[in-house]
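Student: Next up is a structure, given as structure tokens.
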């Protein structure tokens, strides 16, 4: 749900497309219905205007705006492009380009939207229209907000403010700056900017817009868990928008109240307000918003805490995990670990040469899977909440069906073979907090391969971009050991195979090098943080730097015994015991050569893609299982709820 406002909201009376000097024409009616939030009738009036004058750019503009207001983006785009084709007036094109930018932004084509906003801004500068320049800088800031580049968005909002000589017009930008600070979890500063926006609008008698800002302020107090102030401002804001007949923001106010009562645990009241919002959105033709509310209503009934277990077959063997999983809003998931164990098997042994699993490897692995399925049930995991998967490294083997059949015989469960794309999606959903989905990449270094990817928003859909490096900690070690000199062979593989692949992928998809957050998962990341930062053994998120990785690699080469036995003397007894157990697990899972190969691979990725300028994060409890159950199990009972609440 869009909560930012365009400064253009303040300037509708100045639009070249509106003509209020005469008796109401179809175009007048179109604009008036748009302003009143009656979008269905705006479309009817816009269609009539187009029919009466099919060469009138203004008519297509108004009709396109009406479609935009109800979220019918394809129709909005077609009409705006038609308006563009029917005029060569700079002022008209300035407004049209701005609206095309709005449409493309909502479609998820952020770079294209930025292009149109920039065209509009260029015309505004040619025309000396500083007010419109301020509007466009405001909209460009919104693009960077959507890209997750919050600091850049702030800089554009500040530039927009510098062009606004009329204090009245600054209120909208103050509101949008407040939204940025709210996203940065800087709620106190967000409150300050909302209050400045409200104060200005009340000073100039614009109680309608002040009421909208009060709704946003109330929603921020909700996020702060200051429910008293949240209810106060939401009630005041709702009363104000109802007074002027703004149906869209009345419905939005009801959504905010529903979120408030949901957070307070009052499902009955939350459902009542959701229903009011849904009915209004439907009545004005805001179908996208209505569907979002419907998903929220369904989400009220979703089980909040559930026990899930997973068994994964990978290159090194079989791992089992079980968690109590609960939703925690936007931040992440609350996880209570019930089980985490692994059994090394010979499943991958000889596959490079023969292309097949050996019969011994299949039997050993299937028996390990059965052991873990039985153990998960003993731990209280419901049978229907147990999932068994095989990693993409296993899925590529010729006789994988023999493994799946044996697992089925022993356990009764189907074995699902994951693709690299599956692994990236599940890893992101289970490792990356939702607020970082669209400004981060994920690097998952496994035993047999490395999966790298990110999510991108395209309209109302989410796409997964991903690729695979055919080396992980174990497979890279095995390949390097085939040469005459392990160190030289390892360096050659990384420089001659991995680096060109990284460069090629980042040229095709610049997000790999442009996104500022990198979430690192996989055994080698766990090993590095465990050995290098034992004092943070309980931290859910551990920050790393490229320098940390380089230091680990160098120290491992010079003195591996020291690396494998870090000083724990300064830790408190309970923490020391936990750290020691994890360090022992690292020694059980990896050889020194595995650790060195994995850290060199990670360092190579970091050097090639400039990790020294990025925030590196290890999500300790993030893994495929969490993402798998969230996307395929936990949310299958109902439609998925909207994020960003």
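Student: With no solvent and one equal point scatterer placed on each C-alpha of segment 391-443, evaluate the Debye formula and give log10 I(q)/I(0) for q = 0.16, 0.18, 0.28 Å⁻¹, two decimals.
Tutor: So the normalised log intensities work out to -0.60, -0.68, -1.03.
Student: Given a Förster distance of 60 Å, report the FRET efficiency between residue 353 and residue 166 from their Cβ-Cβ distance, rounded to the nearest 0.05.
Tutor: Here the calculated transfer efficiency is 0.20.
Student: Suppose we keep just the DSSP beta bridges with both residues in the chain; what percent of those would be antiparallel, to 5?
Tutor: Details: 38 of 55 bridges.
Close to 70 percent.
Student: Order these by the 10 Å Cβ neighbour count, fewest first: 275, 530.
Tutor: Listed from fewest to most nearby Cβ atoms, that is 275, 530.
Student: Could you work out [θ]222 nm for the chain from helices alone, using -39500 (n - 2.57) per DSSP H run of at least four and dividing by all its residues? Round to the nearest 500 deg cm²/dmol.
Tutor: Details: 30 runs with 380 residues, N = 645.
Mean residue ellipticity, 222 nm, calculated: -18500 deg cm²/dmol.
Student: Which of rounded, prolate, oblate describes segment 173-273, given a ≥ b ≥ c as roots of the alpha-carbon gyration tensor eigenvalues and a/c under 1.5 marking rounded, otherwise prolate only if a/b is larger than b/c?
Tutor: Oblate, since a/c reaches 1.5 and b/c is not below a/b.
Student: Could you check what % of the DSSP bridge pairs in segment 305-418 are antiparallel, to the nearest 5?
Tutor: Among the beta bridges of segment 305-418, antiparallel pairing accounts for roughly 70 percent.
Student: Please state, to two decimals, what the Cα-based radius of gyration of segment 305-418 comes to when divided by 2.2 N^0.38 Å (N = residues).
Tutor: Relative to the rule-of-thumb radius for its length, segment 305-418 sits at 1.12.
Student: Related question: Can you give the % of DSSP beta bridges in segment 425-634 that are antiparallel, to the nearest 5?
Tutor: If I count the DSSP bridges inside segment 425-634, around 65 percent turn out antiparallel.
Student: Provide, in order from the shortest bin, the percent of all Cα-Cα pairs of segment 416-509 in each 5 Å bin, continuing until the bin that contains the maximum pair distance.
Tutor: The distribution over segment 416-509 is 3, 12, 20, 21, 16, 12, 8, 4, 2, 1, 0, given as percents.
Student: Let me ask you something else. If you count, for each residue, the other Cβ atoms within 10 Å and average over each peptide, how do 233-242, 149-158 line up from highest to lowest?
Tutor: 233-242, 149-158
Student: Please report, in whole Å, how far the alpha carbons of the chain spread along each principal axis, starting with the longest.
Tutor: Extents along the principal axes, in whole Å: 87, 53, 51.
Student: Separate question: Please state the Cα pair-distance histogram of segment 425-634 with 10 angstrom bins from zero: what percent is in each bin?
Tutor: Binned Cα distances yield the sequence 8, 34, 36, 18, 4, 0.
Student: Shifting gears a bit: Throw me the Rg/Rh for segment 457-501, computed over C-alpha atoms with Kirkwood Rh, two decimals.
Tutor: 1.28
Student: Roughly how compact is segment 103-215, stated as its Cα Rg over 2.2 N^0.38 Å to two decimals?
Tutor: In units of the 2.2 N^0.38 Å rule of thumb, it is 1.07.
No lab work stands behind these numbers, since they all come straight from the coordinates. Given the structure is predicted, the values throughout are model-derived calculations rather than measurements. Don't worry about glycine lacking a Cβ; one is built from the backbone with ideal geometry, like all the others, and counts go over all protein chains shown.
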